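The structure appears right after this line, and notes come after that.
Derivation of every value follows stated rules applied to the coordinates shown; laboratory data play no part. Given the structure is predicted, the values throughout are model-derived calculations rather than measurements. Using ideal geometry, Cβ is built from the backbone for each residue, glycine included, and neighbour counts are taken over all protein chains shown.
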Amino acid sequence: MTATSNAALDRPEAPRFGHRHLLGIEGLQPHDISALLDLSEKAIDVSRQVEKKLSTLRGRTQINLFFEASTRTQSSFELAGKRLGADVMNMSVASSSVKKGETLVDTAATLNAMRPDIIVVRHHAAGAVQLLARKVGCSVINAGDGAHEHPTQALLDALTIRRHKGSLQGLIVAICGDILHSRVARSNLLLLHAMGARVRLCGPSTLMPAEIERLGCDVYTSMPDALDGADVVMMLRLQRERMHAALIPSTREYFRYYGLDAAKLRFAKPDALVMHPGPMNRGVEIDPEVAESTQSVINEQVEMGVAVRMAVLDALAHHLPGSNLDPSSGER
């Protein structure tokens, strides 16, 4: 495969993603989600080729702006952009003007003056990515904002599930752990509910947001009850760095009641998938043997992450000024 023989992931018959930014799952329709998942399937095929380079974003600039430390998400977005031919710049906030007191609005103005085509942003404050998107003239992707949303994580989780179960419709998905501080939980809840899955949230009451059931889920404080008959068990990291009070007695006590071990997993269906967005705290929210069992798809989630981010970048490429990716044009 060469860069010009398959310049973009999609084909003329593929449904077009109708959004300039990806700021969250909220606001997306089921057909938007399905379109991105279908496009991700094509990205998987590309990523498994010997020659992985496409020309979708050739000549375009992608800036990865991460205000929080990240290994998986940032490297995944970097790899996705490069596989689509973009010039990718990783901006180090630790050595930037932000550390010298520059506001987010000023940072947005500075970046906008550089005329990037796509900015991928992770920020510790909920709503910060939406603010930046209003201040720049390019497409913006939310790579996680506070405890608000992490849309590409939800998409890659959905892709992983769909590839194993065929559909999300009617599945019982138990999301367990630190729900309070988790943007992953919120984005997954929104996506899974939109696609017809039944979502159960489980965790101690101190780590459960108030009135979260309004988003269309059932809330449990008992792992056996939450996992009973589940098709998917998604464990979340205990985010101690975001806790400003003693919300759990100890990590040992937490694992006893809310850590996923073989005994608790037996309450789920025999073919239930075990998932975790990473990084894992082994022995805190998940037993190492369960994480490495045949039911675990944790490493597969990492592969799906690159594919989903390629798909999102490809989908947004159609909205870039001067895009030549119209199906009626020659090269795609």
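Amide hydrogen proximity for Cys202: with H placed 1.01 Å from N in the peptide plane, the residues at 5 or more positions away or on another chain lying under 5 Å are Ile175, Cys176, Gly177, Tyr220.
Once both axes come from the Cα atoms, what is the angle between helix 298-317 and the longest principal axis of the chain, in degrees from 0 to 90, rounded to 10? For helix 298-317, the angle is close to 30 degrees. Just checking the listed ones, Gly170, Gly85, Gly322: in the Gaussian network model of the chain with Cα springs under 10 Å, the one fluctuating most is Gly322. One Cα centroid belongs to the range 158-228, the other to the range 288-307; the line between them spans 18 Å. For the chain, the percent of C-alpha pairs falling in each 10 Å distance bin, counted from 0 to the bin holding the largest distance, reads 6, 26, 33, 23, 10, 1, 0.
Take the Cα of Asp225, step 7 Å toward its Cβ, do the same at Asn112, and the gap between the two points is 5.0 nm. Largest first, the three principal axis extents of the alpha carbons in the range 151-297 are 41, 33, 26 Å in whole numbers. Computed from the Cβ-Cβ distance with R0 of 22 Å, the FRET efficiency linking Val93 to Leu131 stands at 0.85. You can think of it this way: the chain between Val105 and His124 has 5.3 nm of extra reach, that is 0.36 nm per residue less the Cα-Cα gap.
Of the beta bridges in the chain, as assigned by DSSP with both residues counted there, near 5 percent are antiparallel. For the set Lys53/Lys269; Lys52/Lys269; Lys82/Lys135, the pairs lying more than 31 angstrom apart at their alpha carbons are Lys53/Lys269; Lys52/Lys269.
Extension gain for Ala263-Arg163 works out to 33.4 nm (0.36 nm per residue, less the C-alpha to C-alpha distance).
Could you give the length gained on full extension between Glu211 and Arg20, defined as 0.36 nm per residue of separation minus the Cα-Cα distance, in nm? Please report the intermediate quantities before stating the final value.
Numbers: separation 191, 0.36 × 191 = 68.76 nm, distance 3.13 nm.
Stretched out fully, the Glu211 to Arg20 stretch lengthens by 65.6 nm.
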